[in-house]
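Comments concern the structure below.
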Amino acid sequence: QRVNVTVRSGLPMLLLGSTEPGAQLFVSAIGVVGTAEQNQRHSARFFDVLKAQLGLGPERIVIRFYPLEPWQIGKNRTVMTFL
C-alpha cells in the first residue's frame, strides 16, 4: 500500500558501457525505504524478481530508492498524512 513501483520497457539503456538488456528500477515509498538496511533487503528481493522474470544478471540491474514523506503524496482528495 505504501510502495509505488514503475516499470517502463523498451527504453534504450547504456549500462557499464553495454547496451545489452538491462533494467533500472525506481522505487518511491513512504516509511519503508530510506535506511541502508531497509534498502538492502528490498534490493535483494527486487533483484531476485528481475532476475527470474527478465533473466538479467545483477550487473545489468540498477535500483534507485526514493524515500517520501506522507505529506508529499496526494490520495483521495487529501495527503497520506491524514489517511
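Whole-Hz Karplus values for the range 18-34 come out as 10, 9, 4, x, x, 9, 10, 10, 10, 10, 10, 7, 9, x, 10, 10, x Hz, taken residue by residue from phi with 6.51 cos²θ - 1.76 cosθ + 1.60 and θ = phi - 60°; glycine and proline positions read x. Take every Cα pair under 8 Å whose residues are at least 6 apart in sequence, average their separation, divide by the length of the range 23-82, and the relative contact order is 47 percent.
Think of the chain as having a plus end and a minus end, set by charges on the Cβ of Lys, Arg, Asp and Glu; of Pro70, Gly34, Pro58, Pro70 sits farthest toward the positive end of this dipole. Here r is the Cβ-Cβ distance between Lys75 and Thr35 and R0 is 30 Å; the resulting FRET efficiency, rounded to 0.05, is 0.80. Only helical runs count toward this figure. For the chain, summing -39,500 (n - 2.57) over DSSP H runs of n ≥ 4 and dividing by all residues gives -8000 deg cm²/dmol at 222 nm. With axes computed from alpha carbons, what is the tilt in degrees of helix 36-54 against the longest principal axis of the chain, rounded to the nearest 10 within 0 to 90? Roughly 50 degrees between the two axes.
Every read-out reported here was derived from the displayed coordinates using simple, explicitly stated rules and does not represent laboratory data. Please read all numbers here as calculations on a predicted model, not as lab measurements. Glycine gets a Cβ as well: all are built from the backbone with ideal geometry, and neighbour counts include every protein chain shown.
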